[in-house]
Amino acid sequence: MVYDRAHTRDIPKLGGMVKPLPLVAVGVIVGSLVSMGMPGFSGFVAEFPIFMGIWKTQWLLAVIAAISIVVTASYVLLVVRRVFFGKMPEEFEGHITPINVFDKIALALLMVFMIGIGLIPTLMYPWVQTGVRHILVLLGGA
C-alpha cells in the first residue's frame, strides 16, 4: 500500500507515512510483531512449540534461534521507523492518498486473525488436527 502511493521501495527515501496511512502503519506494526513471534500474536503460537521441542534436544540451537528473534526484531523495527515515522520527504508531501475502504477491511481482517489466533490458538486446532491426522497416517502413526 505504501508502494502503491509512493512508487518506491527504497526505504531510505520514505518517511512520515503514519500521518496519511495510519491504519497501514498499525497493520505493519502488528505484522512485524507477528513475524518476531511476540506473545499474543499468531507467530508466537507457531514458534513457541518449536523452540520448546528443540530446547529438549539441541539447547544450543534453540539459543541461536532465540538470538535470531532479536536480529529480526531490530531490522523489522528499523524499517517500520524509517517508513512510517520521522519527516516525510518533500516529494511526497500532499501526494500520498489515504487507503480505500477495501484496503481498510483487508487490513482489519488480517489484524483480527493475527491477534485472534495469538490470543485464542484453539481456533486453529480443528484445521491443524485434520491436516496432521492425514500426515500421521501416511507416516505410520496414529
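Since every read-out is calculated from the coordinates, none of them should be taken as a lab result. The structure presented is a predicted model; accordingly, all values stated were derived computationally and were not measured. Every residue, glycine as well, gets a Cβ built from its backbone with ideal geometry; the counts of neighbours run over all protein chains shown.
Some points to look at:
- Additional length obtainable on full extension of the chain from L78 to Q129, 0.36 nm per residue less Cα span: 14.6 nm
- Dipole magnitude for region 2-138: computed about the Cα centre from +1 point charges on Lys and Arg Cβ and -1 point charges on Asp and Glu Cβ, it is near 200 debye.
- Extending 7 Å from the Cα toward the beta-carbon at both L23 and L119 defines two label points whose distance is 1.9 nm.
- Pairwise Cα separations in region 12-88 fall into 10 Å bins from 0 onward with the following percentages, short to long: 19, 39, 25, 13, 4.
- Computed packing ranks the peptides 20-27, 123-130 as 20-27, 123-130, most packed first, by mean other Cβ atoms within 10 Å.
- Comparing mean-square fluctuations of G86, G53, G131 from a GNM of the chain with C-alpha springs under 10 Å, the top value falls on G131.
- Here the relative contact order of the chain, from alpha carbon pairs under 8 Å that lie six or more residues apart, stands at 39 percent.
- Exposed loop sites here mean trypsin sites (Lys or Arg not before Pro) with a DSSP loop assignment and at most 15 other beta-carbon atoms within 10 Å; the chain contains its longest site-free run at 10-86.
- Shape annotation for the chain: C-alpha extents along the principal axes are 62, 36, 24 Å, from largest to smallest.
- Where labels lie 7 Å past Cα in the beta-carbon direction, separation of L60 and Y3 in nm: 4.0 nm
- Residues of region 14-33 with amide N under 19 Å of a point placed 7 Å along Cα→Cβ from S68: 32-33
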